[in-house]
Amino acid sequence: MATQIFINLPVKDLNRSVNFFTRLGYTFNPQFTNEDATMMIIDENLYVMLLVEKFFRTFTRKAIADTATTTEVILCLSAESRAKVDELVDKALAAGAAPSNETQDQGFMYGRSFQDLDGHLWEVAYMDTSAIGQDPKRAEMASH
């Protein structure tokens with residue numbers, strides 16, 4: 001069995017977050033959905049649990065990061081092409097996300113980023129792995 005990853009993110013308004021991520025093309029598992037939480041399916045082994053802040057607090061003794069002033073984590077998703085990077089980030093921006101960093105174009109590696117409605121940072125990146133071994137500088141950059 002492959003390892004699965006479940007990323008837990010606090011959200012202020014669950015319905016608003018579900019609507020946002022639905023516009024990006026993601027689906028949700030109704031078996032793990034109620035008024036406090038939902039399971040967003042990114043891939044067959046990658047899930048994001050969107051938890052209303054009150055419910056999220058039951059899983060930690062620490063304060064929830066204020067995403068307006070603090071970076072809690074940067075979530076990076078791979079894309080199969082540069083065009084797919086642009087497609088997903090453009091959908092996010094059209095759905096109400098805010099731009100995050102400048103576009104990163106290293107030739108063999110291309111990425112864009114956005115902040116979702118709750119200020120969580122997302123990157124979407126494409127890497128041409130066939131080009132990495134051809135240039136020692138590229139191989140070094142990809143390892144960081």
*What single numbered condition from (1) surrounded by 14 or more Cβ atoms within 10 Å (Cβ to Cβ); (2) touching a helix residue (DSSP H, G or I) at 6+ places or on another chain (Cβ under 9 Å); (3) over 24 Å from Ala92 (Cβ atoms); (4) of a type in the set (D, E, K, R) fails to hold for Glu35?*
(1)
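So that you can scan it fast, the table gives a plain yes or no per residue for (1) under 15 Å from Thr67 (Cβ atoms); (2) surrounded by fewer than 18 Cβ atoms within 10 Å (Cβ to Cβ):
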{"residue": "Ala83", "(1), (2)": "no, yes"}
{"residue": "Asp86", "(1), (2)": "no, yes"}
{"residue": "Asp90", "(1), (2)": "no, yes"}
{"residue": "Ala95", "(1), (2)": "no, yes"}
{"residue": "Ala98", "(1), (2)": "yes, yes"}
{"residue": "Asp105", "(1), (2)": "no, yes"}
{"residue": "Tyr110", "(1), (2)": "no, no"}
{"residue": "Ser113", "(1), (2)": "yes, no"}
{"residue": "Asp116", "(1), (2)": "yes, no"}
*asked:* Whether any residue in segment 60-81 is buried (at least 16 other Cβ atoms within 10 Å of the Cβ), in a helix (DSSP H, G or I) and either of a type in the set (Val, Ile, Thr) or on the phi < 0 side of the Ramachandran plot (or both) is what I want to check.
replied: no
_Residues being of a type in the set (A, V, I, L, M), within 15 Å of Gly111 (Cα to Cα) and out of contact with any helix residue (DSSP H, G or I) (no Cβ under 7 Å at 6 or more places or on another chain) - total across segment 48-98_ = 9
*How many residues does segment 14-59 contain that are β-branched (Val, Ile, Thr) and either in contact (Cβ under 8 Å) with a residue 24 or more places away in the chain or assigned by TED's automatic domain parsing to the domain that holds Ala94 (or both)?*
5
*Which residues, counting only those in segment 118-134, are surrounded by 13 or more Cβ atoms within 10 Å (Cβ to Cβ) and at pLDDT below 85?*
Ala131, Ile132
_Given (1) farther than 25 Å from Pro10 by Cα; (2) of a type outside the set (A, V, I, L, M); (3) at pLDDT 95 or above; (4) not in a loop (DSSP other than H, G, I, E, B), number of the condition Arg57 does not satisfy_ = (1)
*segment 1-52, residues that are charged (D, E, K, R) and part of a helix (DSSP H, G or I)*: Arg16, Arg23
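The values are calculated or read from the model by the stated rules, or taken from the named source; none is laboratory data. Note that the structure is predicted; figures quoted are calculated from it, not measured. Here the Cβ is made from the backbone with ideal geometry for all residues, glycine too, and neighbour counts use every protein chain on show.
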